[in-house]
Amino acid sequence: MNHEQNLRLTQVGPGTPGGQLQRRFWQPIALVEEFDPMLAPDMGSREHPRLIKAVRALGKDFVLVKNHDGTWALMDRDCPHRGANLAFARYESIYSQNNSTLRSIYAGKVPVLLEKSEERSVHTAIRCPFHGWAFQTSGKLAGQCIDTPAEPEGSTMCQHIKQRNYPVQEKAGVVWAWFGDAEPEPMPDLDCFAAPASHSFAFKGLWHANWLQCFEVGMDPAHPSFLHRFLQDADLQETGSNAGGKQFRSAAAGDVAGERWPMTRVMRELHRPKLAAQAVQSDTLQGIRITALRALSEQTTHVRMTQAIFPHIFVIPLSETLTITQWHLPVDDGHTYWFSVFTSFDAPIDQAAMRAQRLPYTTLPHYIPKAGAHNAWGFSPEEQATRTFLGMGEEDINVHDQWAVESMGGLQDRTREHLATSDKIIVLYRRWLQRAQDAAAAGQAPPPLPAALSLKEPPSTVDGFAPTASWEDWWKERVAEKRRKASWIKQ
Ligand code: FES
Ligand SMILES: [Fe+2]
């Protein structure tokens, strides 16, 4: 591909074909926990919680507000008066009668303008600290300017000023936004949205790289045999079946001649997977089901099934009963937030433990990994010589993927790459992306993939040993069994 094609494929800003395509999908913009002052260092205190936050997505700046009634508002961040940053706005209450918005009052001075009455309803507003203009953030009038206190008495100017307000919803511990001009589509039918809060955990992290190279790591089933290779296996007695939420440290499902194999051994010893791609679709999503087959013998084959869902979601197994659904929010052309939702098909998830496991590797409040280019991602020559293939730590394998993605540079120079057989999924995806961007630039929906299979249930994952001759029946049975056992799936 040439330089222009590479740029076109990866850009996300307003007006670019890629940006138009991204604006046809719901995007994750924040974790709900980022608004909990007990967890978030920049969000005030229990007495004075901060309920306004700066957010950047698709090359633009926004301000996210949690309203009194628990709903969310997302608006452009530059004040429509003279452009000051509304992430520093004051948070206010507006009392209105019969839902007609009345002039609001300065927070902290006079708490109530109206006599409290049965008819009043409370709305939320934010007020720019530069000249005091206020904007309603809840209800149907969200975005409307409701006060311009430096203007002459009786001015009606504010009636003509409206800040752009975007549809937002909260699901699976994440706040989602719709940036497009078209009516919002339904959310994709994924298991992580069906599971109750008790069986779900969400986290995020910032990578200094373009979204496409982050996503392309997820649809590359060959890399775990190398990038995440452990030169020794952990004791399965100690790690148990879910390995405390650590990837590739648990046992693969099933056995080899009566012996259970850790995933690390599978990945290390069977490093030449045969890849298959099947296009899939439902009313709410399109994607590619990726199967990586690692033949152990004529009788036994290791099957790992993952899903790449457009535009930047992958669904992968963490263990037999835990799935990770990961989005790759394009912050701008050179930065990406991955948002992971962990979903348990079995017991509830210990969220505090999952969080505690990840915090040592992250700097809050922006969820920036402590490892990065500045400290060579923690590279240890000693470790590379003796314990891991990469040498960047055994506990947090996220840093392995982070290195792969960031070490290419903010935007990988794809004019210099040599795609191989093991990259066939990436090739397939890029072709779809090009066609979908063309369609989006013409104001049309993404085209379907050829020969797409209609899904009856959300896209699933498996990882385990199957009989070589009947692996296709085997994985369907594994998925059916997992779904039968999940308390939150209606049978
Ligand atoms: S810039 Fe915001 S009120 Fe003037
Ligand atoms: Fe990886």
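No lab work stands behind these numbers, since they all come straight from the coordinates. This one's a predicted model, so the numbers in the text were calculated from it and none came from an experiment. Methodologically, a virtual Cβ is constructed for each residue, glycine included, from the backbone with ideal geometry; neighbour enumeration extends over all protein chains shown.
Assorted remarks:
- In terms of the mean number of neighbouring beta-carbon atoms within 10 Å, the peptides 78-88, 279-289 order highest first as 279-289, 78-88.
- Think of it as helices only: each DSSP H run of n ≥ 4 in the chain is worth -39500 (n - 2.57), and spread over all residues that comes to -5000 deg cm²/dmol at 222 nm.
- Extension gain, Ser45 back to Thr71 (0.36 nm per residue minus Cα-Cα distance, nm): 7.3 nm
- Cβ-derived FRET efficiency at R0 45 Å, Glu4 paired with Ala347, nearest 0.05: 0.30
- Over 28 Å [Cα-Cα, the chain], rounded percent: 57
- Look at the alpha carbon pairs under 8 Å that are at least 6 residues apart: their mean separation over the length of segment 1-56 gives a relative contact order of 17 percent.
- From phi via Karplus (6.51, -1.76, 1.60), per-residue ³J(HN,Hα) for segment 294-306 in Hz, x at Gly/Pro: 10, 6, 8, 7, 5, 8, 10, 10, 8, 10, 10, 10, 10
- Between Glu269 and Asp61, full extension at 0.36 nm per residue minus the direct alpha carbon distance yields a gain of 70.2 nm.
- Debye intensity ratio I(q)/I(0), log10, segment 314-404, q values 0.21, 0.23 Å⁻¹ (C-alpha model): -1.24, -1.32
- Under 5 Å from the amide H of Gln412 lie the amide H atoms of Asn210, each residue being 5 or more positions distant or on a separate chain, with H modelled from the backbone and absent for Pro and chain starts.
- Label-to-label distance, Thr284 versus Asp233, with points set 7 angstrom from Cα along the beta-carbon direction: 3.8 nm.
- Here Asp473 and Glu170 are evaluated by their C-beta separation; at R0 = 51 Å the FRET efficiency comes out at 0.85.
- Applying both filters, DSSP loop and at most 13 other Cβ atoms within 10 Å, to the GluC sites (Glu not before Pro) of segment 1-87 gives Glu47.
- Taking the alpha carbon gyration tensor of segment 353-457, multiplying each eigenvalue by 5 and rooting it gives semi-axes of 35, 19, 16 Å, largest first.
- When the Cα atoms of segment 1-64 are aligned to their principal axes, the ranges along those axes come out at 54, 19, 15 Å in descending order.
- Between the amide H of Gly13 and those of Gly19, distances stay under 5 Å, these residues lying 5 or more places away or on another chain, with hydrogens modeled in the peptide plane.
- Put a dot 7 Å past the Cα of His160, heading toward its Cβ, do the same for Ser198, and the two dots end up 5.7 nm apart.
- Going from the residue with the fewest nearby Cβ atoms within 10 Å to the one with the most, His48, His68, His208, His418 rank His418, His48, His68, His208.
- Taking the DSSP beta bridges with both ends in the chain, the antiparallel portion is around 95 percent.
- When its C-alpha radius of gyration is set against 2.2 N^0.38 Å (N residues), segment 121-191 gives a value of 1.43.
- Ranking of Asp42, Asp333 by neighbouring Cβ atoms within 10 Å, starting from the fewest: Asp42, Asp333.
- Using θ = phi - 60° in the Karplus curve 6.51 cos²θ - 1.76 cosθ + 1.60, the 3J(HN,Hα) couplings for segment 87-92 round to 5, 9, 5, 8, 9, 9 Hz; x is entered for Gly and Pro.
- Cα-centred dipole magnitude for the chain, charges only on beta-carbon of K, R (+1) and D, E (-1), debye, nearest 20: 500
- Helices in the chain that qualify as membrane-span-like (whole DSSP H runs, Cα extent of at least 15 Å along the helix axis, mean Kyte-Doolittle hydropathy of -0.5 or higher) are 424-441.
- Each Cα pair under 8 Å and six or more residues apart adds its sequence gap; the mean of these over the residue count of the chain is a relative contact order of 18 percent.
- Between Arg50 and Gly44, Ser45, the built amide H atoms are under 5 Å apart, and every one of these is 5 or more places off in sequence or on another chain.
- Rounded if a/c under 1.5, otherwise prolate or oblate - segment 301-356, Cα gyration tensor axes: oblate
- Gain on full extension, evaluated as 0.36 nm per residue between Glu481 and His418 minus their Cα-Cα distance, stands at 18.6 nm.
- Computed over segment 349-491, relative contact order equals 9 percent, with contacts defined as Cα pairs under 8 Å that lie 6+ residues apart.
- Segment 250-346 - Debye-derived log10 I(q)/I(0), Cα point model, q = 0.13 Å⁻¹: -0.58
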